[in-house]
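Participant: Structure in structure tokens, see below.
Rule-based calculations on the coordinates, nothing more; no lab input. Note that the structure is a prediction, hence the values are computed from the model and not measured. As a convention, Cβ positions derive from the backbone with ideal geometry for all residues, glycine included, and neighbour counts pool all protein chains shown.
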Amino acid sequence: MLTPATGDPYSPACLSFPELGAVRAEVAARLVAACAAPDAAASLGFGPRLAGEVAANATLATRPALPAAQAYTGVLYAAAGWPTAPQHVGGPEVVIASALYGFVRPSDIIAPYRLTMHTPLPGTPLAATWRPAASAALAELGRAHTLVLDCRSSEYAAAAPAKVLAGRVLAVRAVTRRAGKEVAVSHDAKRYRGLLLGALCARDVTGWQAADVAELAGQLPAVQDVRLDARGLTLVV
């Protein structure tokens, strides 16, 4: 995650999805307390290379903040071309799942942090902590859209199960063929989801249905085939 050297701190009250405010405050307090300990990185399951970032979580309220579209720099976001990729008028509404904030939009100003949904913070596991409020927020989001493309990994999906979207969801997964069998692609699946996200953001997708998304996915680099079924959209790579 990108961390600016200077700037103003974030304002929790200004984030999208204000209904998540109470859980955000709880998770932030737990994170700050856990990261104040000298052995925080090790106790939270992070290696020595990330010790500095983990320790910096203790200053969450005063750290320089930046737009979420710039803060997140993982495989999915890099493949999507963020934050420099052009955003087409009529492009999809993008929502980011976060272990600290629940859900945010790319334009939200956030404090950078080091935390994942499976980080063992003291107390209730994070996915369970988030599930009631995040599921309600996701359900409300789904009611405003005819189609929701779910590019989350399994640990983030567990915090707000897609079943609350009542048939409007299209989960994206990637598989490869080995010895005549399909095998799930794990880490690299993020890259293919990111490529699809970037392609969607560059287009006017007003009125698109699942078949339109599948057709676009079939044009992505290294995608050999696509399949729409009850499990969602499968990319064969």
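Participant: Of the residues Val183, Val32, Val205, which exhibits the maximal mean-square fluctuation in a Gaussian network model of the chain defined by a 10 Å Cα contact cut-off?
Facilitator: Its mean-square fluctuation being the largest, the pick is Val183.
Participant: Also: Under 5 Å between amide H atoms, partner at least 5 residues away or on a different chain: which partners does Val148 have, H built in plane at 1.01 Å?
Facilitator: Close amide H contacts, sequence-distant or interchain: Val169, Leu170.
Participant: Tell me the label-point distance for the pair Ala25, Thr84, using the 7 Å Cα-to-Cβ offset, in nm and rounded to one decimal.
Facilitator: Each label point is offset 7 Å from its Cα along the Cβ direction, giving 4.1 nm.
Participant: Related question: Would you list Met1, Met117 from fewest to most Cβ contacts within 10 Å? Before the final figure, lay out the partial values.
Facilitator: Details: Met1 17, Met117 21.
Neighbour counts put them in this order, fewest first: Met1, Met117.
Participant: Moving to a separate point now. Apply the Debye scattering formula to the range 1-98, with a single equal point scatterer on each alpha-carbon and no solvent, then give log10 I(q)/I(0) at q = 0.10, 0.14, 0.22 Å⁻¹.
Facilitator: Once normalised to I(0) and log-transformed, intensities are -0.35, -0.67, -1.35.
Participant: In a solvent-free Debye calculation with one equal scatterer on each Cα, what is log10 I(q)/I(0) for the range 80-211 at q = 0.14, 0.16, 0.22 Å⁻¹, listed in the order of the q values?
Facilitator: Scattering profile of the range 80-211, log10 relative to I(0): -0.73, -0.95, -1.52.
Participant: How long are the semi-axes of the equivalent ellipsoid of the chain, defined as square roots of 5 times the Cα gyration tensor eigenvalues? Whole Å, largest first.
Facilitator: Ellipsoid semi-axes (Å, largest first): 31, 20, 18.
Participant: May I ask for the net charge around Phe17, where only other residues with Cβ less than 12 Å from the Cβ of Phe17 are counted and Lys, Arg are +1 while Asp, Glu are -1? If you can, show how the numbers build up before the last one.
Facilitator: Values: positive: Arg24, Arg105; negative: Glu19, Asp108, Glu140.
Summing Lys/Arg as +1 and Asp/Glu as -1 gives -1.
Participant: What is the sum of charges, Lys and Arg at +1 and Asp and Glu at -1, for the other residues whose Cβ falls under 12 Å from the Cβ of Arg203? Don't skip to the end; give the middle numbers.
Facilitator: Working: positive: none; negative: Asp204, Asp212, Glu215.
Taking every Cβ under 12 Å from that of Arg203, the sum is -3.
Participant: Once both labels are modelled 7 Å past Cα along the beta-carbon direction, what's the Val183-Leu220 spacing in nm?
Facilitator: 2.0
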